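Right, one structure below, let's go through it.
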Amino acid sequence: MGEAIQIRSNLLSRTPIAELLRQRRVRVNWMTLWSGLVVAIVGLAIVFPALLATHDPLALTVKDRLKPPSAEHWFGTDGAGRDIYSRMVYGSRYSIGMTLIVVLSAAALGTLWGGLAGF
């Protein structure tokens, strides 16, 4: 009986809330934050590629053919004068989208198949 009273007195202690919060403080995992930022930028590029692309990916500019990377064309230009960075941003929309479809469908089918195998 003495133990129950001791536990109850600990529960009713008047420790300040600020002290309790300091004790339960969660440390920030910087790798998680940076990874989340990269995923957010890639997600932004998938949904809104025009926000990150610097040029029209289909615009042909003969005078800008085969230019090296510069401030104007971050990854340079191809043989037709198209901006390679913009083409990569727009192209990632389709390749990452297809990857997500394949991974999610494989996970769903694998879960279904594993569930059926468990019976």
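Any read-out appearing in this document is the output of simple, stated calculations on the displayed coordinates, not a laboratory observation. Note that the structure is a prediction, hence the values are computed from the model and not measured.
Brief remarks on what is shown
- Residue-wise HN-Hα coupling along the range 70-83, computed from phi with Karplus coefficients 6.51, -1.76, 1.60 (Hz; x: Gly, Pro): 8, 5, 7, 10, 4, 10, x, 10, 8, x, 9, x, 7, 6
- Remark: the Cα gyration tensor places the range 41-91 in the prolate category, a/c being 1.5 or greater and a/b exceeding b/c.
- 5 angstrom amide H check on Gly76, placed H, neighbours 5+ away: Ser70, Ile84, Tyr85
- Rounded to whole numbers, the Karplus 3J(HN,Hα) couplings from phi for the range 47-63 are 7, 10, x, 5, 6, 9, 6, 8, 9, 6, x, 9, 6, 8, 10, 5, 5 Hz, using 6.51 cos²θ - 1.76 cosθ + 1.60 with θ = phi - 60°, and x at Gly and Pro.
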